[in-house]
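Read-outs: derived from the displayed coordinates by stated rules, not from any lab. All values derive from a computational prediction rather than experimental measurement. Cβ sites come from the backbone with ideal geometry, for glycine too, and all protein chains shown count toward neighbours.
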């Protein structure tokens, strides 16, 4: 049996941060299971799931403390996760791609539609970039959404298409095949 810990990390970006974190996890008796790490605006940030034998939890927590200054690490107990029953619930994964002129409120509007349909965002990546021909800025986002089987995909699609028309963005929805990424 192991204990799952979820680490959130942030610090000024520089070479060696992942190595430093990996070394401390290993030395503390932990096993790096899953992560999503990124550099944005000069900051390095992410989330890492670690498993550790229960008797080593306190040692790992203590081993992470010296990273303060290099990386700010917050340790969360992962045992309160959704559990096997939620993972067994039939669901479909849907990829939502969005492109449009940048303006405040795009993420809030799209996530509002998703929340009304009781959907969970599994992954969201976004960026702004210069519009090549027209000047100005473009906002681009890609989201992976977990869609329970009972959700009406046609109603979701209609609501998202209505929103796309209102806020004048291009929005595409497509089934997501996780095996294609492996």
Notebook entry, point to check: Quick one: Cα centre-to-centre distance for segment 98-116 and segment 21-73, in angstrom?
Noted result: 32 Å
Notebook entry, point to check: Applying 1/(1 + (r/R0)^6) with R0 = 25 Å to the Cβ-Cβ distance of residue 161 and residue 13, what FRET efficiency is obtained, to the nearest 0.05?
Noted result: 0.05
Margin query: At 0.36 nm per residue, and after removing the present C-alpha to C-alpha distance, how many nm does the segment from residue 115 to residue 150 gain when stretched out fully?
Written below: 11.1 nm
Next item on the list: Label segment 10-50 by shape, choosing from rounded, prolate and oblate, from the square roots a ≥ b ≥ c of the eigenvalues of the Cα gyration tensor; if a/c is under 1.5 it is rounded, and otherwise prolate applies when a/b is larger than b/c, oblate when it is not.
Entry: oblate
Checklist line | residue 95 versus residue 22: modelled label distance in nm, points set 7 Å from Cα along the beta carbon direction | finding: 2.7 nm
Note to self: No solvent, one uniform scatterer per C-alpha: report log10 I(q)/I(0) for segment 124-182 via the Debye equation at q = 0.23, 0.24, 0.29 1/Å, two decimals.
What the structure shows: -1.11, -1.14, -1.28
Notebook entry, point to check: Any idea what % of Cα-Cα pairs in segment 29-182 are farther than 23 Å?
Noted result: 54 percent
Check: Using the alpha-carbon atoms, what tilt in degrees (0 to 90, nearest 10) does helix 153-167 show relative to the longest principal axis of the chain?
Finding: 70 degrees
Check: What is the Cα coordinate range of segment 3-81 on the first, second and third principal axes, sorted by size from largest, in whole angstrom?
Finding: 37, 25, 16
Next item on the list: Set the Förster radius R0 to 41 Å, insert the Cβ-Cβ distance between residue 77 and residue 134 as r into 1/(1 + (r/R0)^6), and round the FRET efficiency to 0.05.
Entry: 0.25
